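Trainee: One structure, as structure tokens, below. Some questions next.
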Amino acid sequence: MVTKFSSQMPPELLEALRQHASESGRTLSSVLTEAAEQYLARERVRPAFRQATEAVLDEHAELLERLAR
């Protein structure tokens, strides 16, 4: 099932999306759906990545400080 909705964006961005869809033989709808899926996947990973990065930085803070000198 799909749901129609309305949105707004700068005309040059919309034209670039339409051009990309045309060049790749796809519909604008499929390009926008893929973009939204990729955005959400990336946003969901970021908190876990930040937590892992902070843990590594905390664990190796002394070593990283020595390397920075």
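Trainee: If I go through region 8-39 residue by residue, how many of them are surrounded by 10 or more Cβ atoms within 10 Å (Cβ to Cβ), part of a helix (DSSP H, G or I) and not β-branched (Val, Ile, Thr)?
Mentor: The number of residues fulfilling the criteria is 19.
Trainee: Against the definition (surrounded by fewer than 10 Cβ atoms within 10 Å (Cβ to Cβ) and either at pLDDT 95 or above or not β-branched (Val, Ile, Thr) (or both)), how does residue 67 come out, yes or no?
Mentor: Taking the combined requirement at face value, the residue satisfies it.
The values are calculated or read from the model by the stated rules, or taken from the named source; none is laboratory data. Owing to the predicted nature of the structure, the values given are computational and were not obtained by experimental measurement. Counting neighbours? That spans all protein chains shown, and the Cβs are built from the backbone with ideal geometry, glycine included.
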